[in-house]
Every structure is written in structure tokens, then in C-alpha cells.
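Have a look at the structure below, then the notes.
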């Protein structure tokens, strides 16, 4: 499988996804949107992974490449590509599909439980997931579930944690790809966002939960394997 990632900042990359790809003999290419906007042809990849970032989907004045990226994502969806969006990536997918992206009531930063909805089990992609699991979060925005999509996950802080559209487009607000190293990069580069709140862990609390990355990564591996099998 040929995987192409869209990355918005140097400190949020594929993390575990890159390791999974290497272990399973898949090719990975990347567009670093913070450096250039040279995007691949739609025939050059099988799975598009749209990563996270500290910017908001509506900040096109500060990040003009967002408009080009949204159009590319929409073209990929219309072409029937497999797509996985994580955090900002999920918000971008929701936006191009007609789901409103807005500020969440609370920031959600740290390790918090996620619960699958009843609809999640109607998707083959989530058959191996438990009903409840811990995931790493780092977001202040949320999205409405796009028209025609299945709502697949929620948390106490954020009702809409994930969706599946057309059986092969997945948006996850949370980070199953996070490794301890990736978590540390976020802590170092986005420390100004760690503001006390009901769903905000301190840096030390996050680090104390780093052992949870193994389980999170295994869930990501399951999702990737099922996407690969489509």
C-alpha cells in the first residue's frame, strides 16, 4: 500500500503509523505543508493520512495553503480514496464534507477515555475496538458529524470524537498514533496550550500515562490493517 501524509508542523508526524508502514512493507511519502504545497497526484497513493497541527481550519489568512489542502482532500474523497484524518485532519475532512468546525466547550489535552457509539460496530473498520479505551487528546475545536457520515466515538469532554464516511474515510479527533516521543514533542512545542481545565492534564500527568501508547498503537494498527484490506 502506498501511504501519503499531509503534515502541518514539524512536530506532528506519522509517529507509530510510520513504524507500522515500515514493518508491513508499505511505502510512505509526505507533503510538508509548512514548507511547500507540492501535492501528489491522486493516482500516486492508496491511503491519504491528514495529520494534526495547532492551527485552526478557518485560519486561511495565516496559512493560505489550507484552502489548497481542503480542495485536495475533497478531490481525494470524490475519487474514492481511503483517507484517515487525525485531530486537525479530521476537522478538515469534516469541513469539506459540510460538517461545521467550531470551538469545543472545553479544551481536551491529555489521556482521557473514549467510548464507541452503537453505530461504530456497524463499521467493519472498528470491529476489533473495545467499547471503551484511553486515547491521547490535544484539541480545542470540535466538529459536527458530516452529513451522511456515521458517528463512531465520543468522550465526556467532546461529543463528536470520530466519524466514518463512505466506509473508507475516517476522522478521529484523538491520537492513536502517538508515541512517547511524539507526546513529548507536543508538550514542548505547545506548552502554552496547557491551561488548567477540567479536561487538561499537566505535562507530568501526560508523561505518567505514556504506558498507554502501546494499547493505542495496537488499536491504530488494527484500523490501518482494516483500511488496507478494503
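Is it the case that segment 33-40 has a residue that's assigned to a strand (DSSP E or B), touching a helix residue (DSSP H, G or I) at 6+ places or on another chain (Cβ under 9 Å) and modelled with pLDDT of 95 or more? Full working, then the answer.
Just the residues of segment 33-40 that are assigned to a strand (DSSP E or B), to begin with: none.
Taking every residue of segment 33-40 in turn, none turns out to be assigned to a strand (DSSP E or B), touching a helix residue (DSSP H, G or I) at 6+ places or on another chain (Cβ under 9 Å) and modelled with pLDDT of 95 or more.
Taking the condition crowded, with 20+ Cβ neighbours inside 10 Å, in a loop (DSSP other than H, G, I, E, B) and in contact with a strand residue (DSSP E or B) (Cβ under 6 Å, 6 or more places away or on another chain), does residue 57 pass? Walk me through how you get there before you give the answer.
On the way: crowded, with 20+ Cβ neighbours inside 10 Å: yes; in a loop (DSSP other than H, G, I, E, B): yes; in contact with a strand residue (DSSP E or B) (Cβ under 6 Å, 6 or more places away or on another chain): yes.
Against the criterion (crowded, with 20+ Cβ neighbours inside 10 Å, in a loop (DSSP other than H, G, I, E, B) and in contact with a strand residue (DSSP E or B) (Cβ under 6 Å, 6 or more places away or on another chain)), residue 57 qualifies.
Just to be sure I understand, how many residues within segment 10-29 are assigned to a loop (DSSP other than H, G, I, E, B) and in contact with a strand residue (DSSP E or B) (Cβ under 9 Å, 6 or more places away or on another chain)? Write out each step before concluding.
Within segment 10-29, the first condition is being assigned to a loop (DSSP other than H, G, I, E, B), and the residues that meet it are 10-15, 24-26.
Those still in the list that are in contact with a strand residue (DSSP E or B) (Cβ under 9 Å, 6 or more places away or on another chain) too: 10, 12-15, 26.
Of the residues in that region, 6 qualify.
For residue 67, indicate whether it is out of contact with any helix residue (DSSP H, G or I) (no Cβ under 7 Å at 6 or more places or on another chain), exposed (fewer than 15 other Cβ atoms within 10 Å of the Cβ) and in a helix (DSSP H, G or I).
Numbers: out of contact with any helix residue (DSSP H, G or I) (no Cβ under 7 Å at 6 or more places or on another chain): yes; exposed (fewer than 15 other Cβ atoms within 10 Å of the Cβ): yes; in a helix (DSSP H, G or I): yes.
Yes; evaluated as a whole, the condition is true for this residue.
Looking only at segment 84-126, how many residues end up being in a strand (DSSP E or B), in contact with a helix residue (DSSP H, G or I) (Cβ under 6 Å, 6 or more places away or on another chain) and either under 21 Å from residue 45 (Cβ atoms) or touching a residue at least 60 places away in the same chain (Cβ under 8 Å) (or both)? If you could, list the steps in order and put the result at the bottom.
Within segment 84-126, the subset in a strand (DSSP E or B) is 84-86, 101-116.
Okay, now just the ones that are also in contact with a helix residue (DSSP H, G or I) (Cβ under 6 Å, 6 or more places away or on another chain), so 85, 101, 110-111.
If we keep only those that are either under 21 Å from residue 45 (Cβ atoms) or touching a residue at least 60 places away in the same chain (Cβ under 8 Å) (or both) as well, we get 85, 110-111.
Count: 3.
Do you know which residues across segment 11-44 are exposed (fewer than 15 other Cβ atoms within 10 Å of the Cβ) and at positive phi?
25
The values are calculated or read from the model by the stated rules, or taken from the named source; none is laboratory data. Since the model is a prediction, treat every value here as computed from it, not as a measurement. Backbone-built Cβ (ideal geometry, glycine too); neighbour counts: all protein chains shown.
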